[in-house]
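Have a look at the structure below before the remarks.
The values are calculated or read from the model by the stated rules, or taken from the named source; none is laboratory data. Note that the structure is predicted; figures quoted are calculated from it, not measured. Using ideal geometry, Cβ is built from the backbone for each residue, glycine included, and neighbour counts are taken over all protein chains shown.
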């Protein structure tokens, strides 16, 4: 019988987080290559971790949805959820009656509307 200790689970979890952060950085470099070019790798890693943590705070935990949240962060600007520049964002993100997929889809739809105006 295979028994996995708590410490082993924590190590696996840490590895998964590091792998996902790396995936997020690659996503950012692929789709937003001209941004954050002045940041060191460590600073970029910290910025991406902050964005992932922010998404998590809104219940956005699935990797694909976190990547879409990251995309919104770069499309709308730093701290788009709390900067006050987009007054429609907090209402969507704070609504506990909307699941994470619907939150992301509503935000993306609104961005498309705003950009087409």
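Which one of 93, 67 is within 21 Å of residue 26 (Cα to Cα) and surrounded by 18 or more Cβ atoms within 10 Å (Cβ to Cβ)?
67 is the lone residue from the list that is within 21 Å of residue 26 (Cα to Cα) and surrounded by 18 or more Cβ atoms within 10 Å (Cβ to Cβ).
For region 26-60, what are the residues that are surrounded by 12 or more Cβ atoms within 10 Å (Cβ to Cβ) and out of contact with any helix residue (DSSP H, G or I) (no Cβ under 7 Å at 6 or more places or on another chain)? Across region 26-60, the qualifying residues are 29, 46, 47, 50, 54, 56.
Residues in region 55-72 that are touching a residue at least 40 places away in the same chain (Cβ under 8 Å) and under 9 Å from the mean Cα position of the chain (by Cα) were compared, and the one that is nearest to residue 96 (Cα to Cα) is 60. Here residue 7 passes the criteria (1) surrounded by 10 or more Cβ atoms within 10 Å (Cβ to Cβ); (2) at pLDDT below 95 except the one numbered (1).
If the condition is being within 15 Å of residue 111 (Cβ to Cβ) and more than 15 Å from the chain's Cα centre (by Cα), then region 76-89 contributes 83, 85, 86, 87, 88. Scanning region 72-90 for residues that are under 21 Å from residue 49 (Cβ atoms) and buried (at least 18 other Cβ atoms within 10 Å of the Cβ) yields 72, 73, 76, 80, 81, 89.
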